[in-house]
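Report on the following structure.
The values are calculated or read from the model by the stated rules, or taken from the named source; none is laboratory data. In this text the structure is predicted, and so the values were computed from the model without any measurement. Cβ: placed from backbone, ideal geometry, glycine included. Neighbour counts: every protein chain shown. Ligands, DNA and RNA are stripped out before the accessible areas are found, and what is left, the full protein with its side chains, is counted by its heavy atoms. Shrake-Rupley method; radii C 1.70, N 1.55, O 1.52, S 1.80 Å.
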Amino acid sequence: MNVADMTLRPATLDDAAFVADVLTESHPDDPEDPRLLRHWWSIQDPEATVERFVVSADGADAGYVMRSHESWTKMPERFGRIATALRPAAWTAARLDALVGAMEDRQRGDGARKLTMWAWEDDLAHIGVLEQRGFREERRQRFWELDLIEGRERITRMAADSRQRMQREGIGILTLADDADPAKFERLKRMSDEAEADVPTTVPHVPLDMDEFMKWFQSPGLRPERIWIAREGDDIVGISQLAYPPVRGVVVTDWTGMARKARGRGIARALKCETLMQAIALGVDRVRTDNDSTNAPILHINETMGYRRRHDGIQYLKAL
């Protein structure tokens, strides 16, 4: 496929390493791990539409562009997603505009009614192109970083307090590896689906089927002994896990979720404390996390734990 002065070829899983390099070159402070990206690409609803392309310009691979949308039977609102990145040496506003336009046309042809794209708040050139194409800011994602060296004593105290509170509450805090329940993944999926359904969002959440959910835990950045869950009786009522990039990048919160019935009791804080204490013991110097800017409970936890704000990610929306 030709777009302006570029050529697009379908991307395969083997191209994930190249795309990770492009994303890292574009934003060096937010390095992308190639193995984690490849694994993420492998997880998708079989009924969803996902197209990824490697972009070539001036005789060399220069970036990527992708579009996706859920099955319209599962998402009657018909939201579509677009993402793209070019190596800094190949980036021009005209090329970005052409790539987004090409993906818009393909989404429109599928019957999409609304499109979303993301940009870092300090990437003004990228934002400028999106705004010229009619995209408008919809919502923000807060990005945070916690210094585990500076905050070690504070986190240790918080963890001790949380452990005492969980004992009083009758909540068991343990790793997924230490949980012997043969039905733990089914219980975990029910809780995670409930938790994710309550995360503030513009694009409706479509739950993964069980097979795709299980693939998530095969990520090279996750290990059962580093995934912390909360038990109340037979129920799993919470989870928190950090992803440890195997090639490059910063350790980051992969997921923290709580059952509705267990919220407001300090369980999420207790789980996060255990992940952080484990990271400190493993020699990690800092961790990162991100949350929707309107998710007040988790934003409060981040602030009180000592996380410091980084730049925001901005979701842009366009009606077709």
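I'd like the residue in the range 181-218 that is acidic (Asp, Glu) and in a helix (DSSP H, G or I) and, out of all such residues, is most open to solvent (accessible area, probe 1.4 Å). The selected residue is 211.
Identify all residues within the range 246-266 that are within 29 Å of residue 17 (Cβ to Cβ) and surrounded by fewer than 19 Cβ atoms within 10 Å (Cβ to Cβ); write none if there are none.
Step one: list which residues in the range 246-266 are within 29 Å of residue 17 (Cβ to Cβ), which gives 246-256.
Within the range 246-266, 246, 247, 248, 250, 255 meet the criteria.
With the condition kept exactly as written, say whether any residue in the range 127-144 is more than 16 Å from the chain's Cα centre (by Cα), farther than 26 Å from residue 27 by Cβ and surrounded by fewer than 16 Cβ atoms within 10 Å (Cβ to Cβ). Quick ask: steps written out before the conclusion?
Step one: filter the range 127-144 for residues more than 16 Å from the chain's Cα centre (by Cα), giving 127-138.
From what's left, farther than 26 Å from residue 27 by Cβ: none.
No, the range 127-144 contains no residue that is more than 16 Å from the chain's Cα centre (by Cα), farther than 26 Å from residue 27 by Cβ and surrounded by fewer than 16 Cβ atoms within 10 Å (Cβ to Cβ).
Per the conditions (1) closer than 20 Å to residue 289 by Cβ; (2) of a type outside the set (S, T, N, Q); (3) open to solvent by 20 Å² or more (accessible area, probe 1.4 Å); (4) assigned to a loop (DSSP other than H, G, I, E, B), the sole criterion not satisfied by residue 221 is (3).
Out of curiosity, is residue 79 touching a residue at least 60 places away in the same chain (Cβ under 8 Å) and within 30 Å of residue 113 (Cβ to Cβ)? Full working, then the answer.
Details: touching a residue at least 60 places away in the same chain (Cβ under 8 Å): yes; within 30 Å of residue 113 (Cβ to Cβ): yes.
Yes.
Within the range 125-145, residues that are in a helix (DSSP H, G or I) sit with their Cβ atoms under 7 Å from residues that are of a type in the set (Phe, Trp, Tyr) and buried (at least 16 other Cβ atoms within 10 Å of the Cβ), at 6+ positions apart or across chains, in these pairs: 130/316.
So, of the residues in the range 17-58 that are touching a strand residue (DSSP E or B) at 6+ places or on another chain (Cβ under 7 Å) and of a type in the set (Phe, Trp, Tyr), which turns out to be least open to solvent (accessible area, probe 1.4 Å)?
At the first step, the residues of the range 17-58 found to be touching a strand residue (DSSP E or B) at 6+ places or on another chain (Cβ under 7 Å) are 18-19, 22-23, 26-27, 36, 44, 48-57.
After this cut, where a residue has to be of a type in the set (Phe, Trp, Tyr) as well, the list is 18, 53.
Working: 18: 35, 53: 16 Å².
Ranking the candidates gives 53 first.
Within the range 286-297, is there a residue that is surrounded by fewer than 20 Cβ atoms within 10 Å (Cβ to Cβ), hydrophobic (A, V, I, L, M, F, W, C) and modelled with pLDDT under 95? Taking every residue of the range 286-297 in turn, at least one turns out to be surrounded by fewer than 20 Cβ atoms within 10 Å (Cβ to Cβ), hydrophobic (A, V, I, L, M, F, W, C) and modelled with pLDDT under 95.
Against the list (1) assigned to a helix (DSSP H, G or I); (2) touching a helix residue (DSSP H, G or I) at 6+ places or on another chain (Cβ under 9 Å); (3) open to solvent by less than 60 Å² (accessible area, probe 1.4 Å), the condition residue 165 fails is (3).
Which one is nearest to residue 22 (Cα to Cα) among residues in the range 59-70 that are open to solvent by 20 Å² or more (accessible area, probe 1.4 Å) and at pLDDT 95 or above? Show your work before the answer.
Here is the first cut: in the range 59-70, the ones open to solvent by 20 Å² or more (accessible area, probe 1.4 Å) are 59-61, 64, 66, 70.
Retained after the next criterion (residues that are at pLDDT 95 or above): 60-61, 64, 66, 70.
Working: 60: 13, 61: 10, 64: 8, 66: 14, 70: 26 Å.
Looking at the filtered set, the residue picked out is 64.
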